[in-house]
Amino acid sequence: MKTVQLQNEKATKINLLDFKSVQMRTFHLSWIAFFLCFFGWFAHAPLMNSTIGPDLDLSKAQKITAFIASVGVTIFARLFVGNWCDKIGPRKSYIYLLIFGSIVVAGSSLATTWETYLISRMAIGVIGAAFVITQYHTSVMFAPNVVGIANATTAGWGNLGGGVTQAVMPLIAAAMLAFGFAESDLSKWRPAMFVPAVIMLIVAYLYWKYTTDCPKGNYEDLPKERPQAAKGESSLFMSAVKDKRVWILFAMYAGCFGMELFVNGRAATYYQTRFSLSETTAGIIASLFGLMNLFARSTGGWLGDKFSKKSGLQGRVKWLVIVMVIEGFALLLFSRMDALPIAVATMILFSLFVQMAEGATYSVVPFINKKSLGAVAGIVGAGGNVGAVCYAQFLLRSGSPLQDCFFYFGFVVLAIGLLGFGIKFSAEDEKAAVDEQNRLEALAKAA
């Protein structure tokens, strides 16, 4: 596919090999930045049972509480960062977040007690807000006909960090011990945390040098391009809060991304305890869940774009409902599997629909309230973390085995998916999307 080379307009096509246009540079750097933030966010999960837990003498309840804290903080971080993007722009937002992430991920290695470890995990949870910046930045860089797949691909490839870290962090920790950077097998996780931290700083520099807030430039140089520049729009966040469609998407994202977060945090432990696998083997299998992001989320966004061609914005909603319902059935199936090969196969099937639902959700988000895009993206994104916290709290307080929790959650996802029928778009919304697409295609032909 050939990218439209109109530097001052949204791109109407995607060319993965284009590194000259600001739209595609932003595309690639946003998913790379999100990948690293997700990698650092979940870097502790695959090392919890074998090294971190024993090193700090953590109980089962403390391990789950640390996960809840890390995911729970992200709820507030996403709300803040979404509004931040509207005010200072996505470029500065990402640079600041990457620098902060580098500090707190490396700093977590200094934890020596349960209290200091909990604080470090809460600080790390802030970088989960990277998702909102990624979705915001691609939304302002790409036209309606490809914004679904652009958002889904950058988010999906970024989410790969959650799967890759399951397999890679145990290897990094082992290398630290082998090369003498760690004193013992239990402390090898500490120097390992510096690896993602250093890479975050490098990407922060690249983001500063090679991206802009929007196709025309940076908000500080072009204040009229900032979404909140319009008179009478001083409280765009509240306009998003008052829109019931935002809260329906909030709930639906809790049903898909919330479930992905929960599984990312517990998958390695699940395979270790239920099937008696080693840390490395369980981590590799658990990584398969996240690795579906390589194409599954993109597929969800791409199909959202396709549905919109035939049925408009409402077509995007119909596709979202369909894929959420299938996700619920797939989770029910996975929860009942007792044989390892079949459990892995059904987990992959479930993962496919989880991530397609995420892509489908953010093929709808850019059309809900364009002037408060950051606020909408932040609220919906926070929904995923709310879902993950609720699932983890149920696991902690019910005492139910993970496989039973997955079974119950399958019915929850089914119910949430049906809420999508409450999302409606006006004739004006439909016309505005068509008009913007026609304008950009006309400019591309004239170029």
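The values are calculated or read from the model by the stated rules, or taken from the named source; none is laboratory data. These numbers come from a predicted model, not from an experiment. FYI the Cβ positions are ideal-geometry reconstructions off the backbone, even for glycines, and counts take in every protein chain you see.
Looking at segment 267-288, which of the residues that are of a type in the set (A, V, I, L, M, F, W, C) and surrounded by fewer than 24 Cβ atoms within 10 Å (Cβ to Cβ) is nearest to Glu436 (Cα to Cα)? I'd like the intermediate steps shown before the answer.
Of all residues in segment 267-288, those of a type in the set (A, V, I, L, M, F, W, C) come to 267-268, 275, 277, 282, 284-286, 288.
So of that shortlist, the ones also surrounded by fewer than 24 Cβ atoms within 10 Å (Cβ to Cβ) come out as 275, 277, 284-285, 288.
Values: Phe275: 53, Leu277: 53, Ile284: 44, Ile285: 44, Leu288: 39 Å.
Step by step, filter segment 267-288, then rank; the result is Leu288.
For segment 271-298, which positions are out of contact with any Gly (no Cβ under 9 Å at 6 or more places or on another chain), modelled with pLDDT of 85 or more and of a type in the set (Ser, Thr, Tyr)?
Answer for segment 271-298, where residues must be out of contact with any Gly (no Cβ under 9 Å at 6 or more places or on another chain), modelled with pLDDT of 85 or more and of a type in the set (Ser, Thr, Tyr): just Thr281.
Is there any pair with a first residue in segment 403-419 that is among the hydroxyl-bearing types (Ser, Thr, Tyr) and a second that is surrounded by 15 or more Cβ atoms within 10 Å (Cβ to Cβ) whose Cβ atoms are under 8 Å apart and which are 6 or more apart or on different chains, and what are they?
Short answer, once both residue conditions are applied: Tyr408/Phe394.
Name the pairs: first residue in segment 159-186 and farther than 22 Å from Ile285 by Cα, second residue surrounded by fewer than 15 Cβ atoms within 10 Å (Cβ to Cβ), Cβ to Cβ under 7 Å, at least 6 apart or on different chains?
Leu177/Asp185; Leu186/Pro54
Take Asp55 and tell me if it is among the acidic types (Asp, Glu) and either over 30 Å from Tyr270 (Cα atoms) or touching a Gly at 6+ places or on another chain (Cβ under 6 Å) (or both). Working first, answer last.
Details: among the acidic types (Asp, Glu): yes; either over 30 Å from Tyr270 (Cα atoms) or touching a Gly at 6+ places or on another chain (Cβ under 6 Å) (or both): no.
No; evaluated as a whole, the condition is false for this residue.
With respect to the numbered conditions (1) surrounded by 24 or more Cβ atoms within 10 Å (Cβ to Cβ); (2) at pLDDT 90 or above; (3) aromatic (Phe, Trp, Tyr), which one is the sole condition not fulfilled by Tyr210?
All conditions are met except number (1).
Just name the residue that is nearest to Gln272 (Cα to Cα) out of those in segment 396-447 that are of a type outside the set (Ser, Thr, Tyr) and outside any helix (DSSP H, G or I).
Residues of segment 396-447 that are of a type outside the set (Ser, Thr, Tyr), as a first pass: 396-397, 399, 401-407, 409-425, 427-447.
Narrowing further to those that are outside any helix (DSSP H, G or I): 399, 401, 423-425, 447.
Working: Gly399: 18, Pro401: 13, Ile423: 41, Lys424: 44, Phe425: 46, Ala447: 57 Å.
Ranking the candidates gives Pro401 first.
If we only count helices (runs of 4 or more DSSP H) wholly inside segment 1-103, which ones have 2 or more residues that are modelled with pLDDT under 90? Show your work before the answer.
Working: elements: 22-41, 53-56, 60-88.
Here the list reads 60-88.
Go through the residues of segment 174-189 one by one and say whether even a single one is on the phi < 0 side of the Ramachandran plot, among the acidic types (Asp, Glu), modelled with pLDDT of 90 or more and in contact with a helix residue (DSSP H, G or I) (Cβ under 8 Å, 6 or more places away or on another chain).
Just the residues of segment 174-189 that are on the phi < 0 side of the Ramachandran plot, to begin with: 174-179, 181-189.
Those left that are additionally among the acidic types (Asp, Glu): 183, 185.
Imposing the further condition that a residue be modelled with pLDDT of 90 or more reduces the set to none.
Checking segment 174-189: not a single residue is on the phi < 0 side of the Ramachandran plot, among the acidic types (Asp, Glu), modelled with pLDDT of 90 or more and in contact with a helix residue (DSSP H, G or I) (Cβ under 8 Å, 6 or more places away or on another chain).
Across segment 93-129, which residue is surrounded by the most Cβ atoms within 10 Å (Cβ to Cβ) among those that are more than 28 Å from Ser59 (Cα to Cα) and without any contact (Cβ under 8 Å) to a residue 40 or more places away in the chain?
Checked segment 93-129; the qualifying residue surrounded by the most Cβ atoms within 10 Å (Cβ to Cβ) is Phe100.
Take Glu428 and tell me if it is among the acidic types (Asp, Glu) and free of Cβ contacts under 8 Å to residues at least 40 places away in the same chain. Give the derivation first.
Details: among the acidic types (Asp, Glu): yes; free of Cβ contacts under 8 Å to residues at least 40 places away in the same chain: yes.
So Glu428 passes the test.
So if I check each of Ser351, Ser398, which one is at pLDDT below 90 and either surrounded by 14 or more Cβ atoms within 10 Å (Cβ to Cβ) or on the phi < 0 side of the Ramachandran plot (or both)?
Numbers: Ser351 fails: at pLDDT below 90.
The unique qualifying residue is Ser398.
Given (1) under 23 Å from Ala251 (Cβ atoms); (2) surrounded by fewer than 24 Cβ atoms within 10 Å (Cβ to Cβ); (3) β-branched (Val, Ile, Thr), where does Val323 come up short, assuming only one miss?
(2) is the only condition that Val323 fails.
Inside segment 194-224, can you point out the residues that are farther than 27 Å from Phe42 by Cβ and not charged (D, E, K, R)? It would help to see each step written out before you state the result.
Going through segment 194-224, the residues farther than 27 Å from Phe42 by Cβ turn out to be 209, 212-224.
Answer for segment 194-224, where residues must be farther than 27 Å from Phe42 by Cβ and not charged (D, E, K, R): Thr212, Cys214, Pro215, Gly217, Asn218, Tyr219, Leu222, Pro223.
Could you tell me whether Thr346 is buried (at least 18 other Cβ atoms within 10 Å of the Cβ), within 20 Å of the chain's Cα centre (by Cα) and of a type in the set (Val, Ile, Thr)? Give the steps one after another, and end with the answer.
Details: buried (at least 18 other Cβ atoms within 10 Å of the Cβ): yes; within 20 Å of the chain's Cα centre (by Cα): no; of a type in the set (Val, Ile, Thr): yes.
Taking the combined requirement at face value, the residue does not satisfy it.
Residues Phe262, Phe194, Phe250, Phe257: which one is at pLDDT 95 or above, under 25 Å from the mean Cα position of the chain (by Cα) and closer than 30 Å to Leu171 by Cα? Before the answer, list the steps.
Numbers: Phe262 fails: at pLDDT 95 or above; Phe250 fails: closer than 30 Å to Leu171 by Cα; Phe257 fails: at pLDDT 95 or above.
Result of the check over Phe262, Phe194, Phe250, Phe257: Phe194.
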